[in-house]
Structure formats: C-alpha cells, structure tokens
Amino acid sequence: GNIIYYRAGICKSKPTGTKWVAVGGRLQQIDVYGGKVWGANRSHSIYSLTLTGYKLVSGYHYKYGSPKSGGTGGKKQGGSSVLKLSGWKGHPGKLKTVSVGPAGVWGVNSGDAIYKWNGKGWQRIGGAASDISVGGNEIWCVNRRHAIYMRTRSSGWKHISGGLVQISVSPNDKVWGVNSGHGICRYLGSNRWQGVDGRLKVVSVGPSGVWGVNSGNAIYYRKGTYANDNTRGNGWINIPGKLQWISVGSNVVFGVNHGNIIYYRAGICKSKPTGTKWVAVGGRLQQIDVYGGKVWGANRSHSIYSLTLTGYKPVSGYHYKYGSP
C-alpha cells in the first residue's frame, strides 16, 4: 500500500531494533543517508524530508565524513511539541467500539452488550447499545432501534427523546449526534435537540471543537467550535484527507481510514484550529477514541488496544469542568 515505516530502537546491543513506526505519506521507493530521506511515489513525484533525533553509529568509519548529528529531536509543530506515543498495549476481551473520557473507559461488543473497564478487566453493565460515548460525568449510548440513553457515573440509564445512530460526548458533557439520514444535531438539554446544517456519518465533539466525516469519508471541522463545545458553530471547513472514523482530543484529533490506518492531526492550536498535517501512527484499528493522554481503540477482530500520548497540551480557554487531563 506504499505506507512508509522506519525501524526504531536499532543500536549496538540491539542491531535488529525493537519496532516498526509508520510515517505519514505514501512512497513506492525510498532512500536514507544521515538526516536526509528521499523517495518517489507511484506517480514518480519526488519528495524529501529532514530527519532529526537519530544518532551516528558508534564504531562505524564514515570514510567520506560523518553526516551531521540528528540532535535531540522535539521540533515544534504549530506551536506545540511533537507528540510522542507509547506502543500499543493489548487488553483482554472483545469490543467493536470503545470510548474513553473522565468517566472512564466503556465499550460495546458485537452482541451490543455494554462493558466498563475497571483497570484489570471488563465489568458488564446492564442495557444494550450499538454505539457509546463517555463524557465527564455522563455516558451516552444509542441502540439498534436508534433510541438514545444517558446515565451518570452514579445513576442508571435514562431514555432521551430523539433517534440517533452515532453519538459523541465531550469531557464537559456536551452532546452531538448523527441520525440514520446522516443529519447532524446537538443536545440542548431537557429532551431538546438542535439541528445543524450538513451531513455526516460520524461526529466527534471535544476540546479541539467539532469534527466529523461524511459518507464519502471526507473530513470536516465546524468553524467556531475550538475551545467551545457549547456552541452550534457556523459552517464546515473541509480538511484534506479521508477517514472513516474520527475522535477529538486536546489539540489533537485521531482518526482511522478505510484501510484501518491510524492518523493524528498535528499542529492544532487556537490560531490554527484545523491543524497542519496528518501523521500516520503504527498499528491498525477500525475505531478509535482519545481523551487527554489516553487513546483507546478496537481493530477488525474486535481486539482492544490502548496507548499513552505525551507532548499534547490542554486547550487554552477550554473549561475542563471535571479537571483538565
């Protein structure tokens, strides 16, 4: 698929390295020397990038002069440090959808059974859902009949009027959803929904605003929603790329495409709420969710994985009602 990888962890004591790390972009041929990487894609267009953070091979005689050291890395993107991601950690159980928020980690399996992570395993929760989303104090879900339910950390499920097929809750318990006709709406409270222009199959609301993908996997950001999840916003901005699922975090947005390749949006900040570029992440998931430094997801086999995210910054001006991550 012309996906680009580099081998991490190569050193004298571990010449085979430790893992493959995916790199954004697509090339059919590639070459590297020192901090210079060049390659060509399927259309024979030529690209290069500068590599930082590498080290010279100790004991190797560079006959024609050693390349410049790669330094310490950590360059800036869009005003924030480059994100660092731990390796994926597998968890027991099988889930088709998993969600993470201040109220914990919840998920649903292929039989629509609902579970909550207790730190060691999954606790069965009453009810049935086809999609679920975790907020600050509230957990929302929808079932196969498109019925909507909400519960808090301490209460049971409560039916909410309306009909949705996909739902998203921010860390401040602001709710957006999508109906069977791909219509978009946001919850105003007291069983009232407000329609929003546009058509999406997946919507996500969080500190970095409202993002979504449509039936053609086109990606959109809702203008005026960065650092403010309590607004309808005004119009949609198309973001380059294609994704089938999307999740909004703090100055970062994660997503997966139709090939289950994982990406995050780099460079998101107040002056650039749409970010600057998509960065590929190693691994394969069909669904993903992010909150603070926690990223959870499920693959095609419904196996469950999580990783730790560092280098992100809380969104300035966003009121984290239940404490900032």
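The values are calculated or read from the model by the stated rules, or taken from the named source; none is laboratory data. Remember, it's a predicted structure, so these values are computed and weren't measured experimentally. Glycine also receives a Cβ, built like all others from the backbone with ideal geometry; neighbour counts cover every protein chain displayed. Heavy atoms of the whole protein, side chains included, go into the accessibility calculation; ligands, DNA and RNA do not. Shrake-Rupley method; radii C 1.70, N 1.55, O 1.52, S 1.80 Å.
For the residue pairs Lys158/Lys294; Lys14/Lys36; Lys19/Lys55, the alpha carbons lie more than 21 Å apart in Lys158/Lys294; Lys14/Lys36.
Name the residue from Tyr115, Gly127, Tyr47 whose Cα lies farthest towards the positive end of the charge dipole of the chain, charges +1 on Cβ of Lys and Arg and -1 on Cβ of Asp and Glu. Farthest towards the positive end: Tyr47. Across the options Gly156, Val196, Asn238, the greatest Cα extent toward the positive end of the charge dipole of the range 151-238 (unit charges at beta carbon of Lys, Arg, Asp, Glu) belongs to Gly156. Taking the charge dipole of the chain about its Cα centre, with +1 at Lys and Arg Cβ atoms and -1 at Asp and Glu Cβ atoms, the residue from Ser86, Pro325, Trp211 reaching farthest to the positive side is Ser86. At a temperature of 25 °C and a viscosity of 0.890 mPa s, determine how fast the range 25-175 diffuses translationally according to Stokes-Einstein, using the Kirkwood radius over alpha-carbon pairs as Rh; express D in µm²/s, rounded to the nearest whole number. The diffusion coefficient I find is 124 µm²/s.
Ordering of 131-141, 87-97, 276-286 by packing is 131-141, 276-286, 87-97, highest average first (other Cβ atoms within 10 Å, averaged per residue).
Over 23 Å between Cα atoms: which of Lys96/Lys201; Lys89/Lys223; Lys84/Lys313 fall into that group? With Cα atoms farther than 23 Å apart: Lys89/Lys223. When the solvent-accessible area of the range 241-325 is split by element, carbon and sulfur atoms take up 50 percent of it, the probe being 1.4 Å.
For the range 1-31, applying the loop criterion from DSSP together with a ceiling of 12 other beta carbons within 10 Å to the trypsin sites (Lys or Arg not before Pro) yields Lys12. Around Gly235, what is the net charge, scoring Lys/Arg as +1 and Asp/Glu as -1 over all other residues with Cβ under 11 Å from its Cβ? Around Gly235, the surrounding residues sum to +2.
Between Ser58, Ser180, Ser247, the residue with the greatest mean-square fluctuation in the GNM of the chain (Cα pairs under 10 Å linked by springs) is Ser58. In this structure the amide hydrogen of Trp193, modeled in the peptide plane, comes within under 5 Å of the amide hydrogens of Leu188, none closer than 5 places in sequence on its chain. Taking the average, over residues, of other Cβ atoms within 10 Å as the packing measure, peptides 46-52, 230-236, 99-105 rank 99-105, 230-236, 46-52 from highest down.
When the alpha carbon gyration tensor of the range 209-276 is reduced to an equivalent ellipsoid, the three semi-axes, largest first, read 19, 13, 10 Å. Lys and Arg at +1, Asp and Glu at -1: add these up for the other residues within a Cβ distance under 10 Å of Asp112 and post the number. The answer is +1. Take Lys294: with every protein chain present and a 1.4 Å probe, its accessible area is about 110 Å².
Stokes-Einstein diffusion of the range 166-325 at 10 °C, 1.306 mPa s viscosity, Kirkwood radius from Cα pairs, rounded to a whole number: 102 µm²/s.
Diffusion of the chain by Stokes-Einstein, at 4 °C in a medium of 1.567 mPa s and with Rh set to the Kirkwood radius over alpha-carbon pairs, works out to 62 µm²/s.
What the range 200-325 shows is 36 Å² of accessible area per residue, with the surface traced by a 1.4 Å probe over protein heavy atoms. Net charge of the neighbourhood of His302, taken over other residues with C-beta under 14 Å away and scored Lys/Arg +1, Asp/Glu -1, is +3.
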